[in-house]
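**Q** Below: one structure in structure tokens.
The values are calculated or read from the model by the stated rules, or taken from the named source; none is laboratory data. The structure presented is a predicted model; accordingly, all values stated were derived computationally and were not measured. Note that we place each Cβ from the backbone using ideal geometry, even for glycine, and neighbour counts take in every protein chain shown. These area figures cover heavy atoms from the full protein model, side chains too; ligands, DNA and RNA do not enter into them. Shrake-Rupley method; radii C 1.70, N 1.55, O 1.52, S 1.80 Å.
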Amino acid sequence: MLGLIQDRPLLISSLIEYSGLNHGDVEIVSRSVEGPIHRTNYRNVNLRAKKLAQALGKLGVELGDRIGTIAWNGYRHMEIYFGVSGMGAVCHTINPRLFPEQIAYIVNHAEDKYIFVDLTFVPLIEALKEHLQNVKGFIVMTDEAHMPESDLDNLLCYETLVEAEDGDYAWPQFDEMTACSLCYTSGTTGNPKGVLYANRSTVLHSFCVCTNDGLGVSNRDSILAVVPMFHANAWGLPYAAAMCGAKMVMPGAAMDGPSLYELMEAEEVTLAAGVPTIWMMLLGHVKENNLKFSTMKRTVIGGSAAPRSMIETFVDGHGVEVIHAWGMTETSPLGTTGNLLKKHENLSEKERTDIRVKQGRVVFGVELKITGDDGEELPRDGVAFGDLKVRGPWITSGYFKGEGGDVLDEDGWFTTGDVGTIDPDGYMQITDRSKDVIKSGGEWISSIDVENEALGCPGIVEAAVIAIPHPKWDERPLVIAVKEKDHSVTRDDVIKHLESTLAKWQLPDDVVFVDELPHTATGKLLKTKLREDFKDYTLTTA
Ligand code: ADP
């Protein structure tokens, strides 16, 4: 027997329609690419998203068409998120930090019909134009006064398109499983693969972001989304913010410490979300200038492991709670969040941070397990580690156009490529990417553990750990580190520091210093490049 309940589809458009109507005057603040701070609100974003849908309709955009964006976080990007998905087309966010050949590959693979571009990225498009022959037009996200000189002949102006419409438009209703957005993983090996989200999955994911044990986003928040809108939908924040009418603050292209800090203070930011590398710059600026956060209450850190020292600086130094989160493009991206439980209230701050360094517990909707080499589930004892698998209503069921073949096992589990433990309270801890673990004498050493501990050594600002072949142990860890400017920290200092926390067999055989470490387009350590750079390295212990 079916329930007697209205069958209303869960659509992206309902999020912006809701906040446009019920939180109309809540601000959306952006550092614009043209320069000044721009202020709008949900009423206007809803109206202009509708105008945009009208304009795209006139350009011939239809249900299911892919529409690209190459843009920073800002209000126009937000209008595109809602306008494109709201009309039933697919918003394809493109990561401008990918190699140009990869950008050309994904634009062609996605068959983008139009591409929205921030002024910054017009030269990128010009350089690629020979390779993007299926794109009917490039819409520059600016007004007539700022339109660039360009040899692209199919260049359109965003403001001209939008302002030509009246906004008298009702969001169309369609099946909630209709695709709404497309995001390619950065593909450190092989070509990038597209994850295609549905209206339903994005709305369900937004509910989850808004729960207290998710990211706890609410109307009382002023959210600084530093995580880019071209990276896993800025962790779903633009949608979740619209679901509850939270103020959104977007940094545009300025992601340096001083600019972020200024925005946080000026816009009374309560919640900020970003990857560790960006927070490292922000905290560096705050420390150097002896600054405090006057309104920030919590920060979401994810994308890579949040180092213990960073968590301590936020929590102990600034009274900012850290929500350490784990996820992937394939998981929309929220999978786990490191919120503390009632039973942790009376623990010491040190013990609480022992929990915060883990990647957290599943939020309702996501199922998680670890399996051994034979595929059998491993115990949740915080010790056994194995391949991390997930399933749930916002986890991918397969890549766009079937790339990569079947990605689910027969019970619907998706293998993440991460290796981790799950403790009896359900806290998951990533020990490694499966391809980065160091296999030493039959034991596995977690490169992430060693990196985290090395970062706690005074004078070290960034560290990567890779496996180097060893005649006796198969592989042994090598630390490749970046020093604080003018700091005298040595190899022996780092090893001595690690001796206090790591078992003897986990200690790196060597530490080398470099000026900078390579990163992927999403800010993670690019270990393939490091392995290549150090392929002829011989350990002194070999
Ligand atoms: P990319 O496009 O670079 O693959 P994703 O965001 O999809 O970007 O990357 C997902 C991967 O990032 C995860 O599989 C995991 O290895 C890593 N990751 C994400 N969050 C964390 C975290 N909190 N701690 C450690 N690793 C993380």
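**Q** Report the convex hull volume per residue for the range 399-474, counting only C-alpha atoms, in Å³.
**A** Values: hull volume 14.3 nm³, N = 76.
It is 188 Å³ per residue.
**Q** For the range 164-256, build the charge dipole from Cβ charges (+1 Lys, Arg; -1 Asp, Glu) around the Cα centre, then report which of N199, M255, W171 sits farthest towards its positive end.
**A** The residue sitting most towards the positive pole is M255.
**Q** Please report, as a whole percent, how much of the solvent-accessible surface of the range 346-401 comes from carbon and sulfur atoms (probe radius 1.4 Å).
**A** Values: 1430 of 2910 Å².
Roughly 49 percent, rounded to a whole number.
**Q** Taking the Cα centre of the range 22-127 as origin and charging only Cβ (+1 Lys, Arg; -1 Asp, Glu), how large is the dipole, in debye to the nearest 20?
**A** On the way: 11 positive and 11 negative charges, 73 e Å.
Dipole of the range 22-127, to the nearest 20 debye: 360 debye.
**Q** Further question on the same structure: Which semi-axis lengths, in whole Å and largest first, follow from the square roots of five times the eigenvalues of the Cα gyration tensor of the range 125-235?
**A** Working: eigenvalues 186, 95, 57 Å².
Taking √(5λ) for each eigenvalue gives 31, 22, 17 Å, largest first.
**Q** Once you list every other residue whose beta carbon is under 14 Å from the beta carbon of L128, what net charge do they have if Lys and Arg are +1 and Asp and Glu are -1?
**A** Values: positive: K129; negative: E101, D112, E126, E130, D151.
Value of the local net charge: -4.
**Q** Long-range amide H contacts for E27: which residues qualify at under 5 Å (H placed 1.01 Å from N, peptide plane, sequence gap of 5 or more or a different chain)?
**A** none
**Q** Based on DSSP H runs of at least 4 residues, each adding -39500 (n - 2.57), what is the mean residue ellipticity at 222 nm of the chain after dividing by all its residues, to the nearest 500 deg cm²/dmol?
**A** -8000 deg cm²/dmol
**Q** Taking only Cα atoms of the range 4-109, what ratio of Rg to Rh do you get with Rh as the Kirkwood inverse-distance radius? Working shown, then result.
**A** Working: Rg = 15.5 Å, Rh = 15.1 Å.
My calculation of the ratio gives 1.03.
**Q** Compute the relative contact order of the chain as a whole-number percentage, counting only Cα pairs closer than 8 Å that sit 6 or more residues apart in sequence. Don't skip to the answer; put the middle values down first.
**A** Working: 1155 pairs, mean separation 55.5, N = 542.
Relative contact order for the chain comes out at 10 percent.
**Q** For an R0 of 51 angstrom, estimate the FRET efficiency from the Cβ-Cβ distance between T538 and K129 and round to the nearest 0.05. Write down the numbers at each step before the final one.
**A** Details: r = 47 Å, r/R0 = 0.92.
It comes to 0.65.
**Q** What length, rounded to one decimal in nm, is gained on full extension from W505 through to K136, with 0.36 nm per residue of separation minus their alpha-carbon distance?
**A** Numbers: separation 369, 0.36 × 369 = 132.84 nm, distance 5.86 nm.
Working it through step by step, the gained length comes to 127.0 nm.
**Q** Shape call for the range 445-499 from the C-alpha gyration tensor, a ≥ b ≥ c root eigenvalues: rounded (a/c under 1.5), prolate (a/b greater than b/c) or oblate?
**A** Working: a/c = 2.19, a/b = 1.99, b/c = 1.10.
Note, shape of the range 445-499 comes out prolate.
**Q** For the range 338-481, what is the accessible area per residue in Å² when the probe is 1.4 Å? It would help to have the intermediate numbers written out before the result.
**A** Numbers: 6530 Å² over 144 residues.
Averaged over the residues of the range 338-481, the accessible area is 45 Å².
**Q** Taking just the C-alpha trace of the range 86-190, give me its Rg and Dmax in Å.
**A** 15.2, 46
**Q** Between T371 and L63, what FRET efficiency comes out of the Förster formula 1/(1 + (r/R0)^6) with R0 = 51 Å and r the beta carbon distance, rounded to 0.05?
**A** On the way: r = 39 Å, r/R0 = 0.77.
My answer for the efficiency is 0.85.
**Q** Let me ask you something else. Of all the Cα-Cα pairs you can form in the chain, what percent are over 38 Å apart? Write down the numbers at each step before the final one.
**A** Working: 41197 of 146611 pairs.
Value for the chain: 28 percent of Cα pairs lie more than 38 Å apart.
**Q** Considering amide H positions built from the backbone, and no H for Pro or chain starts, which residues 5 or more places from I37, or on another chain, come under 5 Å of its amide H?
**A** Amide H to amide H, under 5 Å and 5 or more residues apart or across chains, I37 pairs with S32.
**Q** For the range 89-146 and the range 1-41, compute the distance between their C-alpha centroids and round to whole Å.
**A** 25 Å
**Q** May I ask you to give the solvent-accessible area per residue for the range 11-128, in square angstrom, as obtained with a 1.4 angstrom probe? Could the numbers behind the result be given before it?
**A** Working: 3650 Å² over 118 residues.
In whole numbers, the range 11-128 has 31 Å² accessible per residue.
**Q** Turning to a different aspect of this structure: In the structure displayed, which of K483/K504; K369/K529; K358/K524 lie more than 20 Å apart, Cα to Cα? Walk me through the numbers before you get to the answer.
**A** Numbers: K483/K504 24 Å; K369/K529 30 Å; K358/K524 18 Å.
As for pairs spanning more than 20 Å Cα to Cα, those are K483/K504; K369/K529.
**Q** So for each of 346-356, 84-94 I average, over its residues, the number of other beta carbons within 10 Å; can you give me the resulting order with the highest mean first? Show your work: numbers first, answer last.
**A** Working: 346-356: 13.9, 84-94: 25.9.
Highest-to-lowest ranking by the protection proxy: 84-94, 346-356.
**Q** To the nearest 10 degrees, how steeply does helix 100-110 sit against the main Cα axis of the chain, on a 0 to 90 scale?
**A** 50 degrees
**Q** Could you provide, to the nearest whole Å², the per residue accessible area of the range 249-331 with probe 1.4 Å? List each step's numbers first, then the result.
**A** Details: 2850 Å² over 83 residues.
Result: 34 Å² of accessible area for each residue.
**Q** Sticking with this structure for a sec: Kirkwood Rh, the range 233-346, all Cα pairs: how many Å?
**A** On the way: mean 1/r = 0.0672 Å⁻¹.
Evaluated on the range 233-346, it is 14.9 Å.
**Q** Ranked from highest to lowest mean number of other Cβ atoms within 10 Å per residue, what is the order of the peptides 408-417, 291-300? Intermediate results must be reported in sequence, preceding the final value.
**A** On the way: 408-417: 14.6, 291-300: 17.8.
Ranked by mean Cβ neighbours within 10 Å, highest first: 291-300, 408-417.
**Q** Work out, step by step, the length gained on full extension between L378 and R8: first 0.36 nm times the residue separation, then minus their alpha carbon distance; give nm to one decimal.
**A** On the way: separation 370, 0.36 × 370 = 133.20 nm, distance 4.01 nm.
Going from the current span to full extension adds 129.2 nm.
**Q** Based on Cα positions only, what radius of gyration and what Dmax would you give for the range 425-542, in angstroms?
**A** 13.8, 44
**Q** Working from Cα positions, state the angle (0 to 90°, nearest 10) between the long axis of helix 12-22 and the longest principal axis of the chain.
**A** The angle comes out near 70 degrees.
**Q** Also: Taking just the C-alpha trace of the range 274-433, give me its Rg and Dmax in Å.
**A** Every Cα atom of the range 274-433 included, Rg and Dmax give 17.2, 55 Å.
**Q** Give, rounded to the nearest 20 debye, the magnitude of the charge dipole that the chain has about its Cα centre when Lys and Arg contribute +1 at Cβ and Asp and Glu contribute -1 at Cβ. Present the calculation step by step, with values, prior to reporting the outcome.
**A** Working: 50 positive and 78 negative charges, 137 e Å.
Using only the charged Cβ atoms, the result is roughly 660 debye.
**Q** While we're on this one: Can you give the FRET efficiency to the nearest 0.05 for D492 and N108, using r as the Cβ-Cβ distance and R₀ = 51 Å? It would help to have the intermediate numbers written out before the result.
**A** Numbers: r = 52 Å, r/R0 = 1.01.
Once rounded, the FRET efficiency stands at 0.50.
**Q** Sticking with this one: Determine the share of the range 93-168's accessible area contributed by carbon and sulfur atoms, expressed in whole percent, with a 1.4 angstrom probe. List each step's numbers first, then the result.
**A** Details: 1750 of 3550 Å².
C and S fraction of accessible area: 49 percent.
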